[in-house]
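> The structure that follows is given in the form of structure tokens.
Computed from the coordinates by the stated procedures, all read-outs in this text should not be read as laboratory data. These figures come from a predicted structure and were not determined experimentally. Quick reminder, even Gly has a Cβ in these numbers, built from the backbone with ideal geometry, and neighbours come from all protein chains shown.
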Amino acid sequence: MPELPEVEVTRRRIGKLLVGRKIACVVTTKPSYFFLTSPKKLQQELAGRTIHKLDRHGKYLLARLDSGATLLLHLGMTGQLFGEGARSIRLLRAPDRRSKTTEKPRGFAPDEHTHLQLEFKDGGPRVFFRDVRKFGKVLLVAEGQSDARLEKLGIDALEADGSHLFEAARARKIPIKSLLLDQAVIAGIGNIYADEALFLAGVSPRRVARRVALAECVAIVAAAQKVMRRSIQTGGSSISDYVNPDGSDGGYQHERRVYGREDEPCPTCGTPIRRFVIAQRSSHYCPSCPNVARSSWGAATPQPQSQNLPCRLQAKPGQTPCLHGASGHALSGLSSRTLEISQEDGRTGGSARRAFWTNDCERRLRSLTKASYDSNKKKTRGHSCPPILPVNLEGPRPERSGR
Ligand SMILES: [Zn+2]
């Protein structure tokens, strides 16, 4: 937080307060890690300059000055960039915020967290950059120079396409979620929109990046752009500190499908949303939807070889056969809990639970380790069950393939 949509909303709204105005003076707090350019230099270099354009790349704001220099602004985790007169409970210090939640907030007065204040020659409203945790950054890049932070950024998320992600995912053994958060691959996606995009695309955040198919990468990037464009429309997500430059809250936090909704029912299938940690970041996903989505890919994605694994679970006489095939696994309480199978190499990824089985099959498989699954598979090789078919729970029952 804030991610691309929040930074873009900030750009569009604070731009009106910055572009075309001549800076009279700059007021800062004392030197700290917040300032990548020293406060003294900022005061000297910015006074008398006019901002003629405000750009954005990923989560960076780039204010182009008439001197040819660029003022780089990054909101970090708790950065707030807003105009004088903005009113919001989020602009108060934490204890005040807790005690004054019912009061109408008063106009903002600069406090010790207001690290940068821009005053303008026209005497109009000032612009403040406030950051309680100081993970935000301010840097002045001289004309003709660049900065390593910008150079290593990948393509902006709103301009990326699926092949971009697919190329970057080759040979990467990290989870697809971690790859999406890598700003050197695609710039602008953070935790909220990565979770939302993977959910919409129907891809588990834990999938190993190199095993995600091109069609899925296309779906992930399209989903990311869809949720981010919608978030920009609604003014971004105001989850902790983020406020719009006029002090108003964004609206996208009310439209989140999975992020921060642990144990709430999945909006698609009703399965409780799960939360787990990938690379020290919380991830939220529906344990059922990725499998349903995968099974609906149909001809668009080559069917993984793993679907030809021999079946080894037999239905008892009198039980209804499951959709896997004519040999008939027992089917009890088939819900959206089909399980995922790893692609390409035809082996189950990590544990035997990750396969296209029905609930009943899953219960039997739950206690199996990967090793016992493998040995079991060896024993049953030659067993002549038809190929295991992915189950599309929404669509028609797949045709059974005979022996
Ligand atoms: Zn679901």
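> Using the basic label-point model (7 angstrom from Cα toward the beta carbon), what is the Gln233 to His52 distance in nanometres?
3.5
> Spin-label point model (7 Å from Cα, Cβ direction): what's the Cys269 to Glu151 distance in nm?
My value for the distance between the label points is 4.6 nm.
> Can you tell me the order of 66-75, 139-148 when each peptide is scored by its average per-residue count of other Cβ atoms within 10 angstrom, highest first? Working shown, then result.
Values: 66-75: 19.2, 139-148: 12.9.
In decreasing order of mean packing, 66-75, 139-148 become 66-75, 139-148.
> Run the simple label-point estimate for Glu255 and Arg93 please: 7 Å along Cα→C-beta, distance reported in nm.
3.7
> How far is the Cα center of the range 152-209 from the Cα center of the range 251-275, in Å?
Distance between centres, Cα-based: 20 Å.
> Shape of the range 155-287 from its Cα gyration tensor (a ≥ b ≥ c, root eigenvalues): rounded if a/c is under 1.5, otherwise prolate when a/b > b/c, or oblate? Write down the numbers at each step before the final one.
Values: a/c = 1.81, a/b = 1.27, b/c = 1.43.
Oblate shape, in that a/c is at least 1.5 and b/c is the bigger or equal ratio.
> Okay, moving on. Pop out the ³J(HN,Hα) list for the range 272-284 in order, Karplus 6.51 cos²θ - 1.76 cosθ + 1.60 with θ = phi - 60°, rounded to Hz; leave Gly and Pro as x.
x, 5, 9, 10, 8, 10, 10, 6, 6, 10, 5, 10, 10
> What does the charge count around Lys22 come to, taking other residues whose C-beta lies under 15 Å from its C-beta (Lys +1, Arg +1, Asp -1, Glu -1)? Mind showing how you got there, number by number?
Values: positive: Arg21, Arg49, Lys53, Arg64, Lys121, Arg126; negative: Glu45, Asp66, Glu119, Asp122.
Spelling it out: positives minus negatives among the neighbours equals +2.
> Report D for the range 1-89 in µm² per second (integer): Stokes-Einstein, Kirkwood Rh on Cα pairs, 10 °C, 1.306 mPa s. Could the numbers behind the result be given before it?
Numbers: Rh = 13.9 Å.
After rounding, the answer is 115 µm²/s.
> Another one. Rounded to the nearest 0.05, what FRET efficiency do Lys121 and Ala171 have when you use their Cβ-Cβ distance and R0 = 51 Å?
Efficiency, rounded to the nearest 0.05: 0.40.
> If each residue's Cβ is checked for other Cβ atoms within 10 Å, how do Tyr33, Tyr242 rank with the fewest at the top? Kindly include the intermediate steps, with their values, before the conclusion.
Details: Tyr33 8, Tyr242 27.
In order of increasing Cβ crowding within 10 Å: Tyr33, Tyr242.
> So, counting K/R as plus one and D/E as minus one, what does the shell of residues with Cβ under 10 Å around Pro110 add up to? Present the calculation step by step, with values, prior to reporting the outcome.
Working: positive: Arg126, Arg130; negative: Glu84, Asp111, Glu112.
Net charge around Pro110: -1.
> Add +1 for every Lys or Arg and -1 for every Asp or Glu among the other residues with Cβ under 14 Å from the Cβ of Ser237, and state the total. Mind dumping the intermediate values first?
On the way: positive: Lys59, Arg90, Arg229, Arg230, Arg256, Arg257, Arg261; negative: Glu3, Glu6, Glu8, Asp195, Glu196, Asp241, Asp249, Glu255.
After counting each charged neighbour, the total is -1.
> Taking 0.36 nm per residue of separation and subtracting the Cα-Cα distance, what length does fully extending Val277 through Asp161 add?
On the way: separation 116, 0.36 × 116 = 41.76 nm, distance 2.67 nm.
Length gained, Val277 through Asp161: 39.1 nm.
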